[in-house]
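Asker: I'd like to ask you about the structure that follows.
The values are calculated or read from the model by the stated rules, or taken from the named source; none is laboratory data. What you see is a predicted model, and the numbers here were worked out from it, not measured in a lab. Cβ atoms come from the backbone with ideal geometry, glycine included; neighbour counts cover every protein chain shown. Note: accessible area is taken over every heavy atom of the protein model, side chains too, but ligands, DNA and RNA are not part of it. Shrake-Rupley method; radii C 1.70, N 1.55, O 1.52, S 1.80 Å.
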Amino acid sequence: MLNWSRLFIPFTSTHFKKVVPLMLKHVSCCCLALTLLVPSLLKAEKNSPLKPVLGKTGEPTNADHFDKPKLSKQWAAAKGEWTVSDGVLTGKELKADKHAAVLTWKLPHRNSIIRCSFQLKDADFFHLSLNHPKGHLFRVILDESGMTLRTDKNKKDPKSKPITLAQAKGTLEPGKWYTLQLEMQGDRVIAQLDNGLNVEGRHPSLDVNKTGYRFIMKGNTLLLDDMTAWKQE
């Protein structure tokens, strides 16, 4: 005959005291795993409204949504092929250049916020790079493995080396639109994507006047859109 009393474990039993902490441990692990997955679950899309950390965005100082067939005089292509079609800017590397494609948005500033939409499509990488009047300064590097914030080597100083200030690992899908926002205030820089990835760094060399924004790509196709910039005090 079945003894029903054997199916229930008293709260005071040793077995119960061992099982409950174990269950709580598994629940905690699941919660931690979900927390770590949050950035990858966030929706990425064109022109997402990202909240700035270092400054404020109101009326843009400059904006370009590529609604005209040709780039304005504010843009200067140094390498590669850059064309506007259907309201999107397309960058392509040219083998004859033997160099990554480079396009500059000529907007001098010191402290600013810039936001843009990008799609790697079949590009190897995309850099948003900043120069100072005498040379390269720093860049945000984006590829399929995530995002890196790095200072540039001073080509006039043989002892100078690039410094990686921060890295954020995550998957950037080639055929998907993402929104990038870069903030510069004094010696501090913050870059964030609308999929949750972000990098932050400080360096004394960053607190200088910048000549504009440089868009660098390597590979067949990079798509850009929704360029918006705000100067900061």
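Asker: Return yes or no: is K51 open to solvent by 100 Å² or more (accessible area, probe 1.4 Å), at pLDDT 90 or above, farther than 27 Å from K169 by Cβ and not polar (S, T, N, Q)?
Answerer: So K51 does not fit the description; no.
Asker: What's the number of the condition D157 fails, among (1) farther than 13 Å from I216 by Cα; (2) in a strand (DSSP E or B); (3) acidic (D, E)?
Answerer: Result: D157 fails condition (2) only.
Asker: Suppose we keep only residues that are part of a loop (DSSP other than H, G, I, E, B) and either in contact (Cβ under 8 Å) with a residue 40 or more places away in the chain or open to solvent by less than 20 Å² (accessible area, probe 1.4 Å) (or both) within the range 111-151. Which one would you say is farthest from N198 (Cα to Cα)?
Answerer: Looking only at the range 111-151, we keep the residues that are part of a loop (DSSP other than H, G, I, E, B), and these are 120-122, 133-134, 144-145.
Next, from what is left, pick out any that are either in contact (Cβ under 8 Å) with a residue 40 or more places away in the chain or open to solvent by less than 20 Å² (accessible area, probe 1.4 Å) (or both): 120-122, 133.
Numbers: L120: 18, K121: 21, D122: 23, P133: 27 Å.
Here the answer is P133.
Asker: Is it the case that T171 is open to solvent by 10 Å² or more (accessible area, probe 1.4 Å), more than 18 Å from V88 (Cα to Cα) and assigned to a strand (DSSP E or B)?
Answerer: On the way: open to solvent by 10 Å² or more (accessible area, probe 1.4 Å): yes; more than 18 Å from V88 (Cα to Cα): yes; assigned to a strand (DSSP E or B): no.
Considered against the rule, which asks whether it is open to solvent by 10 Å² or more (accessible area, probe 1.4 Å), more than 18 Å from V88 (Cα to Cα) and assigned to a strand (DSSP E or B), T171 comes out as no.
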